[in-house]
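Trainee: Have a look at the structure that comes next, please.
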Amino acid sequence: MAASIIKKQIPLSPPFLKGENKPAPRAIGVFDSGVGGLTVLRHIRQMLPNERLIYVADSGHVPYGDKPAHYIEQRSLSLAHFLIEQGADAIVIACNTATAAAATSLRSRYGIPIIGMEPAVKPAVAASKSGVVGVLATVGTLESARFAALLEKYAGDVEIVTQGCPGLVEQIELGELSSTQTRELIERYTSPLLARGADTLILGCTHYPFLIPLIRDAVGESIALVDTGAAVARQLQRRIQTELPERYAGDASVQFFTSGNEAHATRIMSMLWGRTVEAKLLPPAFL
Ligand code: DGL
């Protein structure tokens, strides 16, 4: 079973290729409930152009936002196991909901750098002039103990108004980045935050940056939109430099996997990644 690998069984230093004196190429594993993590992957690609990257969209189980934490935790353990089997020696949980549900178990189980994502409360609080910050995120993220702790630590005197966004992730998974239905959902979710006086909106789900043009249309130019993709890529780069200094990055390839329909994932991922890619189905043990 996926969860059977324990910390001490994961190789911490890269193995050497037969007959060569340089380490075998390793990879950075990135996963999300679906295609949202591609908004993080593009920052990683920019910042670490020579790394081999492996992306898994758990499309067979999307959305995570309305699922119980233990379900997401099991899926995350399984996907991390797969990525490590493929050679990942660092993992990015490119999903706020999965970070809230599973970052602690992943870190206690696997002895490799595991980088998670959280809604960017700290920079948003610093940026707000009105003293009201809105958070758009999944219900799972907003209800998590991790998010409560984040507010406790960074909100200070700033009022934080949260808004769960059911249905939005599904629209993005369908590739509906500009349909009337998507536009209506965005109006519905952003208008209460603006009515409360928010001048800064946190995009607390990795899917949402794909909707920035529509969100802009809905909220206008004066509202700051805060996203964490670039910060996560920078943190990954720092962790690799300090914790895996001898690694050999390899062939700069990007591989894509899905636990859902391969043809659909191939189409949507190609559209969102900006070039034709092939999404392969995960092996049955990980579906
Ligand atoms: N992209 C994810 C996040 O950052 C999860 C979306 C979902 O599956 O509900 O929270």
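Trainee: For helix 229-243, report the angle its Cα long axis makes with the longest principal axis of the Cα atoms of the chain; keep it between 0 and 90° and round to the nearest 10°.
Mentor: Helix 229-243 sits roughly 30 degrees off the main axis of the chain.
Trainee: By how many degrees, between 0 and 90 and to the nearest 10, does the Cα long axis of helix 145-154 differ from the longest principal axis of the chain?
Mentor: For 145-154 against the chain, the angle is about 70 degrees.
Trainee: Could you give the size of the charge dipole of the chain about its Cα centre, using +1 on the Cβ of each K and R and -1 on the Cβ of each D and E, expressed in debye and rounded to the nearest 20?
Mentor: The calculation lands at about 840 debye.
Trainee: With charges only on Cβ, +1 for K and R and -1 for D and E, what is the dipole size of the stretch 234-287 about its Cα centre, in debye, rounded to 20?
Mentor: So the magnitude is around 220 debye.
Trainee: So, one more: Build a GNM of the chain with springs between Cα atoms under 10 Å: which of Ile93, Ile186, Ile223 gets the top mean-square fluctuation?
Mentor: Result: Ile223 has the largest fluctuation of those listed.
Trainee: Can you compute the equivalent ellipsoid semi-axes for the stretch 138-220, i.e. the square root of 5 times each eigenvalue of the Cα gyration tensor, sorted largest first and rounded to whole Å?
Mentor: Working through the eigenvalues yields semi-axes of 23, 15, 10 Å.
Trainee: Taking a label point 7 Å from the Cα of Ile212 along the Cα→Cβ vector, which residues of the stretch 235-257 have an amide N closer than 19 Å to it?
Mentor: Residues 235-236 fall inside that zone.
Trainee: Figure the gain on full extension for Ala149 and Ala230 (residue separation times 0.36 nm, minus the Cα-Cα span) and round it to one decimal in nm.
Mentor: Length gained, Ala149 through Ala230: 26.9 nm.
Trainee: Put a dot 7 Å past each Cα toward the Cβ at Ser178 and His264; how far apart are the dots in nm?
Mentor: So the label points at His264 and Ser178 sit 2.3 nm apart.
Trainee: Another question, if that's okay. Ranked highest first by average number of other Cβ atoms within 10 Å, how do 36-43, 173-180, 74-81, 61-68 line up?
Mentor: 36-43, 74-81, 61-68, 173-180
Trainee: On to the next question. Please state the charge dipole magnitude for the stretch 129-287, taken about the Cα centre, from unit charges on C-beta atoms (+1 on K and R, -1 on D and E), reported in debye and rounded to the nearest 20.
Mentor: 300 debye
Trainee: Within the stretch 241-286, which trypsin sites (Lys or Arg not before Pro) sit in a loop by DSSP and count at most 16 neighbouring Cβ atoms inside 10 Å?
Mentor: Loop-located and lightly packed - Arg275.
Trainee: A further question follows. Amide H neighbours of Thr162 under 5 Å, at least 5 residues apart or on other chains, H built in the peptide plane: list them.
Mentor: Val135
Trainee: Would you calculate the separation in nanometres between label points at Glu159 and Ala127, each defined as 7 Å from the Cα along the Cα-to-beta-carbon direction?
Mentor: In this crude label model, Glu159 to Ala127 measures out at 2.0 nm.
Bear in mind that the values in this text are calculations on the coordinates, not laboratory data. Please read all numbers here as calculations on a predicted model, not as lab measurements. Note that each Cβ is placed from the backbone with ideal geometry, even for glycine, and that neighbours are counted across all protein chains shown.
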